[in-house]
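Each remark here refers to the structure printed beneath this line.
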Amino acid sequence: GYLLYGWTGIVPEACDDTAVMVPVSHAHWLWGWPRRFEARMDRVGSEVFLIGRWEWGEGHTRGIDDPETLASVPEDFGGWIWTNRVQDLARQERVRP
């Protein structure tokens, strides 16, 4: 529902008090991504988790498990990152200007 009318600022009840899992490959479709979207979810008591790319053929997603996918996380993202490889990603440095 958020994809349909998120531009209005309305957050559907389905997003209330829950974990909102957002595939990194589809995040750009969310109105206000990332900060305004996060603020809206926070306002309704929900946590935002950024997960790996959606694999259409497989019908599921993985975590953000490699440096290439980690690099696609916006610098100003303030939610949670879902990973199955925290030990590998902890070694990665994010280059900031």
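The values are calculated or read from the model by the stated rules, or taken from the named source; none is laboratory data. Keep in mind it's a predicted model, so treat the numbers as computed, not measured. Because the Cβ atoms are built from the backbone with ideal geometry, glycine has one as well, and the counts that use them run over all protein chains shown. Remember, those area values only see protein heavy atoms, side chains included, never the ligands or the DNA or RNA. Shrake-Rupley method; radii C 1.70, N 1.55, O 1.52, S 1.80 Å.
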Solvent-accessible heavy-atom area per residue, rounded to whole Å², over the chain at 1.4 Å: 67 Å²
Counted charge near ASN84, where neighbours are those whose Cβ lies closer than 11 Å (Asp, Glu -1; Lys, Arg +1): -1
DSSP loop trypsin sites (Lys or Arg not before Pro) with at most 11 other Cβ within 10 Å: longest gap in the chain: 1-90
Directionally averaged shadow of the chain, computed from the convex hull of its alpha-carbon atoms, nm²: 6.9 nm²
Size of charge dipole - the chain - debye, nearest 20, with Cβ of Lys, Arg +1 and Asp, Glu -1, no other charges: 240 debye
Which of SER46, SER25 is most accessible, then next, and so on - probe 1.4 Å: SER25, SER46
